[in-house]
Amino acid sequence: METNRQKKIGQLLQNDLVDILQGEVRKNGISNLIISVSKVGVTSDLSIAKVYLSVFPSEKAGEILNAIRSNSTLVKHELAQRVKNQLRKVPDLIFYIDDSLDYIEKIDDALSGKDNPVENPDLLDKRKKS
């Protein structure tokens, strides 16, 4: 369970990471790309922050994630410059893709289309008995 301190630090990091990542997108003149930070989870010892990113369009998610991971030291340095008055040590950043929006869209498509598993249970994968 997250403590109030972990939640506050996660929110602080989330706000600054959004500014950093969107600023880089604008500075490099990349159009038709949206990067948002959906959640930042901080460990109890405040040494690691798990950063979940949503990328639109989702086809570019893997490419963007690799680029951000390769530049994670620069992102951490920029983040340290922004939060130096609030934190003594900036946590190590681990980036993940948050695919929950794609998952929700897939469920909506399944329920609204002809591949509705509620109306046609044969579409569901059968469990194998061991």
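The values are calculated or read from the model by the stated rules, or taken from the named source; none is laboratory data. Since this is a predicted model, take the numbers as computed values, not measurements. Cβ atoms come from the backbone with ideal geometry, glycine included; neighbour counts cover every protein chain shown. When the accessible area is computed, the model is the full protein with side chains, heavy atoms only, and any ligands, DNA or RNA have been set aside. Shrake-Rupley method; radii C 1.70, N 1.55, O 1.52, S 1.80 Å.
Assorted remarks:
- Relative contact order, percent, the chain [alpha-carbon distance under 8 Å, six or more residues apart]: 21
- Fraction of antiparallel bridges per DSSP, the chain only, in percent to nearest 5: 55
- Candidates VAL55, VAL75, VAL118, ranked by Gaussian network fluctuation over the chain, Cα under 10 Å, top entry: VAL118
- Rounded to 10°, Cα long-axis angle of helix 100-112 versus longest principal axis of the chain: 20
- Local electrostatic count, LEU33, Cβ distance below 13 Å [Lys/Arg +1, Asp/Glu -1]: 0
- GNM flexibility winner over the chain from LEU65, LEU87, LEU21 (Cα, springs under 10 Å): LEU87
- FRET efficiency estimate (nearest 0.05) - Cβ-Cβ, ASP99 to SER36, R0 22 angstrom: 0.95
- 15 Å beta-carbon shell around GLU2, net charge (K/R +1, D/E -1): +4
- Taking all protein chains together and a 1.4 Å probe, the residues LYS27, LYS39 rank LYS27, LYS39 from largest to smallest accessible area.
- Long-range HN-HN contacts of LYS39 with modeled amide H, under 5 Å: TYR52
- Folded to 0 to 90 degrees: helix 61-70 orientation relative to the chain principal axis, Cα: 30
- Solvent-accessible ranking of THR3, THR73, THR43, largest area first, probe 1.4 Å: THR73, THR3, THR43
- Exposure here means at most 16 other Cβ atoms within 10 Å; with GluC sites (Glu not before Pro) in a DSSP loop as sites, the longest stretch of the chain lacking them is 3-118.
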